[in-house]
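Just below is one structure, and these are the notes that go with it.
The values are calculated or read from the model by the stated rules, or taken from the named source; none is laboratory data. The shown structure was predicted, so the numbers you read here are calculated from the model rather than taken from an experiment. Because the Cβ atoms are built from the backbone with ideal geometry, glycine has one as well, and the counts that use them run over all protein chains shown. Just the protein is used for accessible areas: all its heavy atoms, side chains included, with ligands, DNA and RNA removed. Shrake-Rupley method; radii C 1.70, N 1.55, O 1.52, S 1.80 Å.
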Amino acid sequence: KELELAGELAYWLEQITRAKFRISRELPDLAIVVGTWDQWQDLLTASDQPPHSPEGYRLRSDGRKVWIIARTELGLQHAIYDFLESLGCRWYFPDPVWTVIPHTSTLVANVDRTASPAFNYRRIWYGWGARTEKLARDYQDWLKHNRQLGHFQVACGHSYDDHISPSQFSEHPEWFSYVNGRREPFQLCTSHPQVQKRVIEHVLQVFRNNPGANMVSVEPNDGDRYCECDNCLKLGTPSDRVFHLANVVAEAVRQEFPDKWVGLYAYAGHSEPPHFSLKPGVYVQVTTGFRYTKLTFEEQIEAFRKLGATVGVYDYFSVYPWDWDMPGVAKAGRVFELAEAIRHYHELGLTTYDAESSCNWGPNGLGYWMAAHLMWDPHLDPERLFRDFCQRAFGPASEHIERIYRRWANGERFSQRSLKLALLDLQQAYASASEPAIRDRLDRMAMYLHWLRLWSDYDRSAKWNQWGKLVVAPPEEI
C-alpha cells in the first residue's frame with residue numbers, strides 16, 4: 001500500500017513539475033520520504049512522531065528531505081494529500097475540471113506540522129446516489145483527495161429490512177410491527193424473542209464475513225409505525241422499544257467482538273432518549289432534522305451521552321426535495337453558517353459527522369469542499385477557505401465569481417433579479433480570464449445559471465393556467 005501511495009504522490013508531483021520522480025526503497029541524500037512511524041522511527045527523533053490517532057501524521061522538511069510519516073496507511077494517504085495541498089494542489093469538486101494543479105520547474109517545500117482529524121469519521125455523501133459509474137468514480141476520488149471518511153466507520157442507516165426481510169411476513173407476521181390493530185411488514189416487533197435472535201445472528205454474521213467492519217446498523221426503517229403489541233408497549237415509549245433492541249444486540253456483539261459497535265439514529269419517533277442506560281457498543285448519531293423532541297439539540301446530545309452512548313451527528317447539507325438545487329437554500333450553500341455549525345458540533349464533543357447531500361455541485365460544491373476541510377479542522381478560517389476557492393479556481397475572474405457565491409452564502413433566494421446579477425457577474429468574469437482551465441470552470445458556472453434560467457422560465461409559465469388566467473402573481477419585473 002505504501003508503494004501505491006508513493007506512486008500517487010509521484011504522479012501528482014510530475015503533474016506539477018513535468019519531471020519524473022523515482023520510487024525507491026533506498027534512502028538517497030535528497031528525498032521525499034513516505035512511510036509509517038514503525039518503518040522510519042530509527043532515523044527520526046521523538047519530536048517527529050505523528051499523533052497517536054490512527055489517522056495522525058507528521059509533515060516535516062529539513063532542507064534535504066521531506067518526511068511524510070503517519071501511524072497507519074490511512075493516515076499516510078491523508079498526509080500525502082495534505083502535503084500536495086501545501087504545494088497548491090486543489091480538488092474542489094469531483095469533476096476534473098475543478099482540479100487545480102500549479103506548474104513549476106522548481107519544487108519548494110517548507111512544512112512542519114502534525115495533524116489528526118477533529119471527527120473520527122467524516123462523510124459528505126449523495127443521499128440520492130451517484131447516477132453513473134463516472135460520477136461514482138469521481139466522487140470516490142474527491143473523498144480521498146479531501147481526507148474524507150476515516151478510521152471509525154459509521155453505519156447507522158435504516159436497516160430492519162436488512163436483518164429480516166418483509167418477504168417473510170406471510171410466514172411469520174408475528175415478527176413484524178402491530179399497528180392500528182393489525183400486523184404489517186414495515187417495522188420489526190422488537191420485543192419478540194425470535195426477532196431479537198435473528199437480528200443478533202445476522203449482525204454477528206456480517207462481522208464474521210467482514211472482519212474490517214466497525215459497525216452494523218440496527219436503525220428502524222424510515223417512517224415510524226413502531227410495533228404496538230402488548231409486549232412492545234410494556235417496554236415503554238417508541239424510543240424504549242427501539243433502543244431496547246439495540247441494547248440486546250450490542251450485548252451479544254460485544255461477547256464475540258469486544259471492539260465492534262451497533263449504530264442507530266436519534267431520529268423522528270425515536271428522537272427522545274430511552275428511560276434506561278445504553279449498553280457498551282451502542283453508537284448514536286443525533287440527527288439535525290426530524291427531531292421529534294422538546295429537548296434542544298444540545299440537551300439531546302447530553303442526555304444520550306449520560307445514558308452511556310457514544311454520539312455523533314447526522315446532518316443535512318442538501319436534500320433535493322427540500323431545496324430543488326436552488327442557490328442559497330441548502331445548508332451547504334450558506335457556507336459561513338455551515339462553518340459555524342461544524343465548529344459547534346465539534347465543541348459539543350461529537351465524534352463523527354455524516355452529511356446527507358445531493359449531487360448538485362453548482363450551488364453547493366463550495367460548501368461541500370469547505371465542509372470537508374472544516375470536518376478535519378473546525379478552527380480553519382472559513383473566509384480564508386472561501387477566498388482560496390475563488391482565487392485559485394478563477395484567478396483574475398475571482399472578484400466577479402466571489403460576488404455570486406457571497407449572495408448565495410448569505411441565503412439570498414433565487415429570483416429574476418439574482419439571476420440577472422449572476423449573469424452580469426459571469427459576463428465580467430469571462431471578460432477577465434483567458435486561461436482555458438478557468439474558462440472551463442466558468443463554462444460550468446454558465447451551465448448551472450442556464451439551468452436556473454430554464455427553471456425560471458418554466459416556473460413563470462406554470463403560473464398561468466390553461467385558460468390564460470393568472471394563478472399566482474409573477475415576481476417583480478427587472
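Whole-Hz ³J(HN,Hα) for each residue in segment 100-113, computed from phi via Karplus 6.51 cos²θ - 1.76 cosθ + 1.60 with θ = phi - 60°, x for glycine and proline: what do you get?
The phi angles translate into 10, 10, x, 10, 8, 8, 10, 8, 10, 10, 9, 10, 6, 7 Hz.
Quote the accessible area belonging to residue 329 in square angstrom, nearest 10, computed with a 1.4 Å probe and with ligands, DNA and RNA left uncounted.
My reading of the accessible area for residue 329 is about 40 Å².
With all protein chains present and a 1.4 Å probe, how do 188, 421 order by accessible area, largest first? Could the numbers behind the result be given before it?
Values: 188 5, 421 55 Å².
The ranking, largest first, comes out as 421, 188.
Would you mind checking which residues have amide H under 5 Å from residue 265's amide H? H placed 1.01 Å from N; only 5 or more apart, or other chain.
285
Which value, in Å² and to the nearest 10, is the accessible area of residue 447 when all protein chains are kept and the probe is 1.4 Å?
For residue 447, the solvent-accessible surface is approximately 110 Å².
Which entries of 65/144; 20/65; 20/134; 197/279 show an alpha-carbon separation above 21 angstrom in the structure shown?
Check vs 21 Å cut-off fails for 65/144; 20/134.
Considering only protein heavy atoms, what per residue accessible area in square angstrom results for the chain with a 1.4 angstrom probe?
46 Å²
List the residues, sorted by chain then number, that are 5 or more residues from residue 147 or on another chain and whose placed amide H is less than 5 Å from its amide H.
Amide H neighbours of residue 147, under 5 Å, 5+ apart: none.
Any idea what diffusion coefficient segment 26-136 gets from Stokes-Einstein, in µm²/s, Kirkwood Rh on alpha carbon pairs, 25 °C, 0.890 mPa s?
155 µm²/s
Explain nothing, just the number: relative contact order of the chain, from Cα pairs under 8 Å at least 6 residues apart, as a whole percent.
Relative contact order comes out at 12 percent.
Kindly give Rg over Rh for the chain, based on alpha-carbon atoms, with the Kirkwood expression for the hydrodynamic radius. Walk me through the numbers on the way to the answer.
Working: Rg = 25.6 Å, Rh = 25.1 Å.
Over the Cα atoms of the chain, Rg/Rh equals 1.02.
Under 5 Å between amide H atoms, partner at least 5 residues away or on a different chain: which partners does residue 121 have, H built in plane at 1.01 Å?
Excluding prolines and chain starts, which carry no amide H, the hits are 353.
Could you check how much of the accessible area of segment 334-447 is carbon and sulfur, as a whole percent, using a 1.4 Å probe?
Exposed carbon and sulfur together represent 48 percent of the surface.
Along the charge dipole of the chain, pointing to its positive end and built from +1/-1 on Cβ of Lys, Arg, Asp and Glu, which listed residue (83, 437, 177) has its Cα farthest out?
437
Kindly sort 37, 451 by accessible area of their heavy atoms, largest first, with the probe set to 1.4 Å. Spell out each step's value before the answer.
Values: 37 25, 451 90 Å².
Final ranking, largest accessible area leading: 451, 37.
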